[in-house]
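Participant: Take this structure, written in structure tokens, and hold onto it; I'll ask about it next.
The values are calculated or read from the model by the stated rules, or taken from the named source; none is laboratory data. Remember, it's a predicted structure, so these values are computed and weren't measured experimentally. Because the Cβ atoms are built from the backbone with ideal geometry, glycine has one as well, and the counts that use them run over all protein chains shown.
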Amino acid sequence: MEKRESLWEAYLRRGLSRRSFIKGCVALTSLMGLSTDMVSKVVEAAEKKPLPVVIWLHGHECTGCDEAFIRSASPLASDLVLSSIALEYDHLLSAACGEPFERHLEETIKKYWGNYILAVEGAVSTTDNGVYCMSGGKPFVDTFQRVAKGAMAIIAYGTCAVSGGIQGAKPNPTGSSGVGHYTGTKPIVNVPGCPPIPEVMTGVVMHVALFGKLPPLDSENRPKQFFGNRIHDTCYRRPFFDAGMFADRYDDAGAKAGWCLYRLGCRGPETYASCGNLRWYQGMSYPIQSGAACIGCANSNFWDSGASFSERLPKYGPLGDVDTIGAGLAIASTAGVALHGAMSVIQKQKRAAEEAEAEGGAHK
Amino acid sequence: MKHVTIDPVTRIEGHLRVEMTVDEGSGKVTDALSSGTAWRGLELIMNGRDPRDAWAYIQRICGVCTTAHALASVRAVEDALGIKIPKNANYIRNIMAASLTVQDHIVHFYHLHALDWVSPVEALKADPAATANLQNTVLNAYQLPFRAPNTSDTEAYPKAFPEATPAYFKAIKDKVQAIVQSGQLGIFAAQWWDHPDYQLLPPEVHLMAVAHYLEMLDKQRELVTPHVVFGGKNPHPHYIVGGMPCSISLEDGNAPVNTARLAIVDRAINLARTLSNTFYLPDLLAIGHLYVQKGMTDGGGLAKTRVLGFGAYPMDAYSGTANGDFFRQCLIRCNGVVENFGAGAAQAKFTPLTAEDLSNPEAFNEGVAHAWYEYPGAKADKALHPWDGVTEAKFTAPKVGTPTDWKELDEKSKYSWLKTPKWHGKLCEVGPLARYIIIYTRAQQGMLPDPTWAEKMMIDQIDAVSKVLNLPPHVWLPTMVGRTAARALDAQLNAEIAKFFFDQLIANLKAGDTQVANMAKWEPSEWPKMAKGVGLYEAPRGALSHWVNIESGSITNYQCIVPTTWNACPRDDKAGHGAYEAAMMDTRVKVPDKPLEIAKVVRSFDPCMACATHIYNPEGEKLRVVTTDPYTGTRVES
């Protein structure tokens, strides 16, 4: 990130003179439709470090991630888009379209080569040379690879970009997959969710803008601060799970009392996301709080888990087959306490293993 | 003649390409082509799935009109399985649908459409003091005082209100100036800011609109908090077949919905009213009035010839759609087709849409002559009813270029991932404009017995705007401006609808009924071996229908006919051009290589391409009327 340079620095690096820099600024002033008395201000701006440049591409997607992004409360979308980053290319918000827009993409790539962030929403489709996802008359997969080459880092927003998403569900008619297969060795930040929580999305960008580097990532390249806990571990309904108090049907007495939704198929126990702690709309709710079983939308291939969403998970997480544990829970709350203990131990072991791995990595 | 392409069309959902042939002398568009350029194959992915999960999968068609496809899906499955949802679930779904409509329309007008009308570059020429005066003038001249009768008023004062001070507008102007001077134009980069259409409005209108662009970007999120309360999140809130997952208890603080949670919903609805009434409608009318005064009444296209609606907002839980009960319960009875509205509401022809039409393969079907699909064997040249629909992709090369490097698509062959939906073999425009044309025509022709409060409000809104513009409805409605204006009227209406159903929900809870789900037929063992159903919903962009076939507990065929498919579809060799193409051909282009007017008229439909492409298988107060130019005297000369 620290490699970001002002226009003046770019001129210096290329060995160009101050005179040609000023000439460039005059040209820029007229290009922007400003009067010539503004030249000095343009020069001043061109000497400053620019905002982090973001190019946002859309593959096979529903634009739900872009919509989630503008639902962010902190930072607000306007503050982020106009004051913290320069969003130079985005099909949803950009003013331009067509040929001048595509030309602007090429110019941005060239101008900020190696220094821009590529945000991508949607899957890559490759069947039949990518003709199922065309933009600007070209396959998305080709554009994506070209833009990825010059990126400083890539942020894969949403389950589609991370692992293929809905269009990648069986039988995957368009050969859709996550973008990670097409990014080479570029650093990638995976932000799964369908869509991810708005503040998780903007949080990743803010981390870059505030600290000048990518956030710490886990082994699946997910930001640790947002994907370090299972929803189950942070769920406010967890005490009901531990006590064996479950809703058995939607809208039954247990559902009205806000008891655990595990038996309605809740995927909270296998899903790493911030729904339980950060929640949606600054703590307002998340599906479980609104009485709906989690469908595990931050998990790769969650559309093809092999069971319908209303089926209780036969297996989850490190516990393996917990069907019997679940059945036991209904009878004896002591089993719940035992399970809680077992879960906590497993979580602690997992953390210890991760820390060991992280330390090992640091010593390499 | 000049061939012009816009690809990608931005500020829309998904991937859209348009091509046109322009007569450089007259600016007339002699031929136009609209192509959905992506296909995700979701129809094929639905096969074999649990119908109770269908809403979750199919909602992912679109994250802009999130909730729309989930709602149509649960309605289709419930229709197939014979499930009647509880009153509260119907009210909650209606509140969510109406909240989405307001939010979606506001995002469309300010963030997807506004930059076709206003420019940050023009805003830099504005005088902040004159802009503050303009804001007051606009508020005085263009507020329409319509409300749903007898609804609750729980707001002490408007929580969001347009700022009208010189200091505020100076701050906005300074910010825009800083962005322009930085050389990092960001989202404002590379647009045709020198296009003559940006000169149609005074600089102060540009600055006011840019300010509201920013205000609405931050406020729109609050409008969908009902989704977060009832469905857990937005985008993509949760539903269940049989009702809603959000159990209600007025005794238990742990319940998903209780008094405190309902207060959040009410506040969002109050905000929807305020934003529609004090920002959206006044801004729209201020800009639209100037456009109409300057003779910009083109871009109507198919709206003048044929529009279609399905009917909206069941007042109470209904027993089914295919049996016609849905139509009987609608708060807005726009179920039908109006032809020839361009000749006047008296001359137009209204044809009602009935339950029989839904299962009639002649009434609703889809063709693929110009779509990259093929129907198998004997069905090859047929148009298929959605319950018998087939999806087989069949990509063919463009006219000029290669399959992976398109120069010109082939209008004589296949050129889009959208099928061509037809009503009795004819093409129709759908959307808020269609809804208003249908209700207005029915009323004018005495075919709207005992109008509901919402239908009355729609007629009053049209009469009020006709007075402001000093034009009859058949002149201003079927135009690019009219299509955009109808959406703003629809936002005002939907804020009232949300309030209406919120009050109904409270009244029902007060009566002691807290049920939100009918679970009697939750288990597949309770289902018929074979079933088919249809779910209808007047989505923000228009008439949406989902069609499902269920066999032995699994989905065997799932199809959607989506508003953007009606509007953006490729041509039909007999029926002619779809709504996008017809509107483009009804629009004059001033500068052929900067076709801003075309981008603007296409965006006036609020394109939602992922919706369109993916799933083919198989008594108001007296109105203050402006009689003088509201812009005179706003600029204070120094």
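Participant: Got a sec? Which of A:Leu76, A:Leu80 is at pLDDT 85 or above, at the interface with chain B (Cβ under 8 Å from one of its Cβ atoms), surrounded by fewer than 23 Cβ atoms within 10 Å (Cβ to Cβ) and closer than 28 Å to B:His111 by Cβ?
Facilitator: A:Leu76
Participant: If you go through the stretch B:1-21, how many residues are more than 10 Å from chain A (Cβ to nearest Cβ) and of a type in the set (Lys, Arg)?
Facilitator: The qualifying residues number 1.
Participant: Within the stretch B:586-593, is even one residue modelled with pLDDT under 95, surrounded by fewer than 24 Cβ atoms within 10 Å (Cβ to Cβ) and of a type in the set (Lys, Arg)?
Facilitator: no
Participant: Given B:Asn360, B:Asn365, which one is under 19 Å from B:Leu536 (Cβ atoms), of a type outside the set (Gly, Ala, Ser) and touching a His at 6+ places or on another chain (Cβ under 7 Å)?
Facilitator: Matching residue, one of B:Asn360, B:Asn365: B:Asn365.
Participant: Any idea which of B:Glu356, B:Glu362, B:Glu374 is within 26 Å of B:Ala32 (Cα to Cα) and acidic (Asp, Glu)? Spell out the reasoning first.
Facilitator: Numbers: B:Glu356 fails: within 26 Å of B:Ala32 (Cα to Cα); B:Glu362 fails: within 26 Å of B:Ala32 (Cα to Cα).
None of the others qualify; the one that does is B:Glu374.
Participant: Additional query: So which residues in the stretch B:331-370 are modelled with pLDDT of 95 or more and in a strand (DSSP E or B), if there are any at all?
Facilitator: B:Leu331, B:Ile332, B:Gly336, B:Val337, B:Val338, B:Glu339, B:Lys349, B:Phe350, B:Thr351, B:Pro352, listed by residue number.
Participant: Those residues that are surrounded by 24 or more Cβ atoms within 10 Å (Cβ to Cβ) and not small (Gly, Ala, Ser), I need them from the stretch A:189-198; list them, please.
Facilitator: Within the stretch A:189-198, A:Asn190, A:Val191, A:Pro192, A:Cys194, A:Pro195, A:Pro196, A:Ile197, A:Pro198 qualify.
Participant: Now, a different point. Taking the stretch A:128-141 as the region of interest, how many residues are surrounded by 18 or more Cβ atoms within 10 Å (Cβ to Cβ) and farther than 21 Å from B:Glu19 by Cβ?
Facilitator: The qualifying residues number 1.
Participant: I'd like to check something: does the stretch A:106-120 contain any residue that is within 11 Å of another protein chain (Cβ to nearest Cβ) and under 22 Å from the mean Cα position of the chain (by Cα)?
Facilitator: No, the stretch A:106-120 has no match at all.
Participant: Scan A:Pro192, A:Pro173, A:Pro198 and give me the residue that is under 24 Å from A:Leu51 (Cβ atoms), in contact with a Ser or Thr (Cβ under 8 Å, 6 or more places away or on another chain) and within 14 Å of another protein chain (Cβ to nearest Cβ).
Facilitator: None of the other options fit; the residue is A:Pro198.
Participant: Let me ask you something else. For the list (1) of a type in the set (D, E, K, R); (2) more than 8 Å from every other protein chain (Cβ to nearest Cβ); (3) within 19 Å of the chain's Cα centre (by Cα), I need the number of the one condition that A:Asp90 fails.
Facilitator: Among (1) of a type in the set (D, E, K, R); (2) more than 8 Å from every other protein chain (Cβ to nearest Cβ); (3) within 19 Å of the chain's Cα centre (by Cα), the lone unmet condition for A:Asp90 is (2).
Participant: If A:Gly178 satisfies all but one of (1) away from chain B (no Cβ under 11 Å); (2) under 10 Å from the mean Cα position of the chain (by Cα); (3) of a type outside the set (Phe, Trp, Tyr), what's the number of the condition it fails?
Facilitator: Only one criterion is unmet by A:Gly178, namely (2).
Participant: Next question. Filter the stretch A:236-252 for residues that are facing chain B (nearest Cβ under 9 Å) and either of a type in the set (A, V, I, L, M) or part of a loop (DSSP other than H, G, I, E, B) (or both) and give the result.
Facilitator: The first filter runs over the stretch A:236-252 and keeps only residues facing chain B (nearest Cβ under 9 Å), leaving A:236-237, A:240, A:247, A:249-252.
Of everything in the stretch A:236-252, those that are facing chain B (nearest Cβ under 9 Å) and either of a type in the set (A, V, I, L, M) or part of a loop (DSSP other than H, G, I, E, B) (or both) turn out to be A:Tyr236, A:Arg237, A:Ala247, A:Arg249, A:Tyr250, A:Asp251, A:Asp252.
The rows are residues; the columns are (1) under 18 Å from the mean Cα position of the chain (by Cα); (2) under 26 Å from A:Ser308 (Cβ atoms); (3) within 13 Å of chain A (Cβ to nearest Cβ).
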| residue | (1), (2), (3) |
| --- | --- |
| B:Asp23 | no, no, no |
| B:Arg40 | no, yes, yes |
| B:Ile45 | no, yes, yes |
| B:Ala54 | no, yes, yes |
| B:Gly63 | yes, yes, yes |
| B:His69 | yes, yes, yes |
| B:Ala89 | no, yes, yes |
| B:Ala97 | yes, yes, no |
| B:Ile106 | yes, no, yes |
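Participant: Among the listed residues B:Lys175, B:Lys125, identify the single one that is within 13 Å of chain A (Cβ to nearest Cβ), more than 27 Å from the chain's Cα centre (by Cα) and assigned to a helix (DSSP H, G or I).
Facilitator: Unique residue meeting the criteria: B:Lys175.
Participant: Give the residues of the stretch A:264-312 that are within 11 Å of another protein chain (Cβ to nearest Cβ) and among the hydroxyl-bearing types (Ser, Thr, Tyr), sorted by residue number.
Facilitator: Answer for the stretch A:264-312, where residues must be within 11 Å of another protein chain (Cβ to nearest Cβ) and among the hydroxyl-bearing types (Ser, Thr, Tyr): A:Tyr281, A:Ser285, A:Tyr286, A:Ser290, A:Ser305, A:Ser308, A:Ser310.
Participant: Suppose the filter is of a type in the set (A, V, I, L, M, F, W, C) and closer than 30 Å to A:Gly306 by Cβ; does B:Leu16 pass it?
Facilitator: Answer is no for this residue.
Participant: Exactly one of (1) within 13 Å of the chain's Cα centre (by Cα); (2) farther than 15 Å from A:Trp56 by Cβ; (3) among the aliphatic types (A, V, I, L, M) is unmet by A:Ala156. Its number?
Facilitator: Exception for A:Ala156: condition (2).
Participant: Condition first: closer than 26 Å to B:Glu78 by Cα and buried (at least 21 other Cβ atoms within 10 Å of the Cβ). Can you find one or more residues in the stretch B:206-213 that meet it?
Facilitator: no
Participant: Here is a further query. Is it true that B:Leu302 is crowded, with 23+ Cβ neighbours inside 10 Å, assigned to a helix (DSSP H, G or I) and not basic (Lys, Arg)?
Facilitator: Yes.
Participant: A follow-up question, please. Contact list please: Cβ distance under 6 Å, first residue in the stretch B:205-223 and within 8 Å of chain A (Cβ to nearest Cβ), second residue at pLDDT 95 or above and part of a helix (DSSP H, G or I), pairs at least six apart or on different chains.
Facilitator: B:Gln220/B:Gln103; B:Gln220/B:Ile106; B:Gln220/B:Val107
Participant: Given the criteria assigned to a helix (DSSP H, G or I), hydrophobic (A, V, I, L, M, F, W, C) and under 15 Å from A:Met201 (Cβ atoms), does A:Ala68 qualify?
Facilitator: yes
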